[in-house]
Amino acid sequence: MASVFLSYSRVDRPKAQQVAAALEEEGLTVWWDKVLKAGQTYDEVTEGMLRQADVVVVLWSTVSVKSRWVRAEATLGERYSAVVPAMIQEADRPILFELTQTADLIGWDGDRTEQRWNDFVTDLRHAITRKAVKTAEQPVTAKPAADTASAPAAPARSLADDGTIENTFWMSIQSSTDAADFAAYLKRYPTGHYSDLARNRLAALEAKAKAKTPEPVFAAAPVQTAPARPATQTPARQRKLSMLPLIAGGIVLLLGAGWGVSLLLPSDLEVPETVAEQAADPVEEPVVETADAETVARADTVAVVETGVADAVLTEAAFVAPSEETVAAPEPPQAGPRRDCDTCPEVVAVPGGTFLMGSPDSEPGRVGNEGPVRSVTVAPFVMSRSEITYADWDACLADGGCNDYRPGDMGERGDMPAMSISWRDAQSYVDWLSGKAGRTYRLPTEAEWEYAARAGTQTAYWWGDGFDRSMVSTGGPKAASNMPENGYGLVGTLGNLREWVEDCYVNNFSNAPTDGSAVLTGSCDLRIIRGGAWSDNAATHRAANRARVSRGTRDRKIGFRVVSSDVKP
């Protein structure tokens, strides 16, 4: 009998394999679909193992929390066994499991000596013991074989009581309005108990979707427009859109009058790619509900683009307006970047000052660990202009430092930010750098990092309150020389890679120091990362956003930069 049944999404198979191997090294028996033998039926075997397992371990990730199969296995696990879930990525757990205590294995790298892993294994053993005690306390009611053979058939169970994977899956999708759910059911169960119902439901949803598809209105040549935004308009904006026919007529007359003149004038204006990208991403859309004059003007401009009334030329200001709260960044006391030695990274001087650390409750994308907002005073320091690059790291390697660790890359090195660097790896670099530079370097404190990233501003991003994708990297990291500078001359603070800081993780700032020093109490195996990475969303790029990661994690979205408090001339 398997002690542990491992439930996970196929996308997370490498992590599942790591967890399964570690559990087996702990002396536990683990069943997962890798051990399924040829010719065995997945659902039949899976259901049997779920019934027999002492504990069901569910690995929650951004993908598995949306998986109907993982949810079905977790549901059956609660029915027959004990469920011990573990987070392997930051994600919102399914609502049915929100109240179930979940182990934190985010960033766990397979180290069985790590305290989080030991706590997780301890919880598993307790769950197994509870299951054994519960089973022993149940009365034995088995009948003799002869009686069993002659006994009348038990009444059929209702669908709600049926414990099969198929029925559990069907119960989870029967009210769904997503055709993909029923297509997934039919793919797995083409002749299942509910296949006819699934086909009918799928046909109805597809017919409904087809009926909603709008027919073309104009037969003229298509007008190139930005992608449509989600229809989440406020009443004020709806009134604006109702005026579009009148506005359209006026714009057409104006365009007609200026058409001849435009032919005589050179024009090299183009709609920036960032406009199209921002229009396609509802997360990045400015909040229209603020109803100030500037926001309403932006809403009108966007409405013109959506309806194709005019071939308007937009700038990034149409989507990202400067905030009234933005404070002009003070000039650094030192002109331009410098190096302490030929192989040292470029550094810039960051002036000391006082700022409000954290995010207000009203900031879109805010999470609870970003507050409460408090005033923090930071002393002057120097900081590497960019994240440490491969050129910087390779110089350390060539000089015999950095523990001979050569991080992988995505085909380029040189001026690209060094990725797959753990917090421990970063410590080996600052030790080497301190010996070369003539002053002591370290990782920035969390307060220093946010102060430098804001560069004298109090908006969500150093360039304003609206997310501007042109200011960050997408699809992959960029060379440091291709990233824009903030007011302190730093590049890539809110984009490219996420960055390690010195601090141990605490879940709020209630007792955090206000002098800019690091937090060195709390969960010190978990360290803080700051700033957005090339594949992250708008909320993650905010200056106040923070996350916790095990200090041994080497992730290609994480790098670092360095600071020194020794501000020598």
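Numbers for the structure displayed
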quantity: Principal semi-axes in Å for segment 524-569 [√(5λ), Cα gyration tensor, largest first]; calculated: 22, 16, 11
quantity: Full-stretch length increase - ASN507, ARG130 - with 0.36 nm per residue and alpha-carbon distance subtracted; calculated: 132.6 nm
quantity: Theoretical FRET efficiency, 1/(1+(r/R0)^6), r = Cβ-Cβ of ARG112 and LYS187, R0 25 Å, to 0.05; calculated: 0.05
quantity: Nitroxide proxy distance, nm - points 7 Å out along Cα→Cβ at LYS210 and VAL567; calculated: 7.0 nm
quantity: 3J(HN,Hα) from dihedral phi, segment 57-74, Karplus parametrisation 6.51/-1.76/1.60, rounded to Hz, x for glycine, proline; calculated: 9, 10, 9, 8, 9, 4, 8, 5, 5, 9, 7, 5, 5, 5, 5, 5, 5, 5
quantity: Residue exposure sequence - CYS341, CYS504, CYS402 - by fewest surrounding Cβ within 10 Å; calculated: CYS341, CYS504, CYS402
quantity: Normalised convex hull volume, segment 431-569, alpha-carbon set, Å³ per residue; calculated: 130 Å³
quantity: Using θ = phi - 60° and Karplus 6.51 cos²θ - 1.76 cosθ + 1.60, couplings along segment 431-436 (whole Hz; Gly, Pro as x); calculated: 5, 5, 4, 4, x, 9
quantity: FRET E, pair ARG79, GLU485, Förster distance 51 Å, beta-carbon r, rounded to 0.05; calculated: 0.35
quantity: Distance (nanometres) between label positions extended 7 Å along Cα→Cβ at GLN17 and THR100; calculated: 2.6 nm
quantity: Potential extension, ARG439-LEU197 segment - 0.36 nm per residue separation minus Cα distance; calculated: 79.9 nm
quantity: Full-stretch length increase - SER523, THR354 - with 0.36 nm per residue and alpha-carbon distance subtracted; calculated: 58.1 nm
quantity: When each of LYS15/LYS210; LYS131/LYS557; LYS15/LYS208; LYS15/LYS478 is checked by Cα-Cα distance, pairs over 30 Å; calculated: LYS15/LYS210; LYS131/LYS557; LYS15/LYS208
quantity: Cβ-based exposure ranking for ILE88, ILE128, ILE558, in which fewest neighbours within 10 Å come first; calculated: ILE128, ILE88, ILE558
quantity: Förster radius 45 Å - calculated FRET efficiency between GLU25 and ALA180, Cβ distance, rounded to 0.05; calculated: 0.70
quantity: Spin-label pair ARG413/ALA91, simplified geometry with 7 Å Cα→Cβ offset, distance in nm; calculated: 3.5 nm
quantity: Candidates per trypsin sites (Lys or Arg not before Pro) in segment 89-129, loop by DSSP, up to 15 other Cβ within 10 Å; calculated: ARG112
quantity: Cα pair count fraction exceeding 22 Å, expressed as % - segment 335-470; calculated: 48 percent
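No value in this document is a laboratory result; all are computed from the given coordinates. Predicted, not measured: the structure shown is a model, and the values here were computed from it. Glycine also receives a Cβ, built like all others from the backbone with ideal geometry; neighbour counts cover every protein chain displayed.
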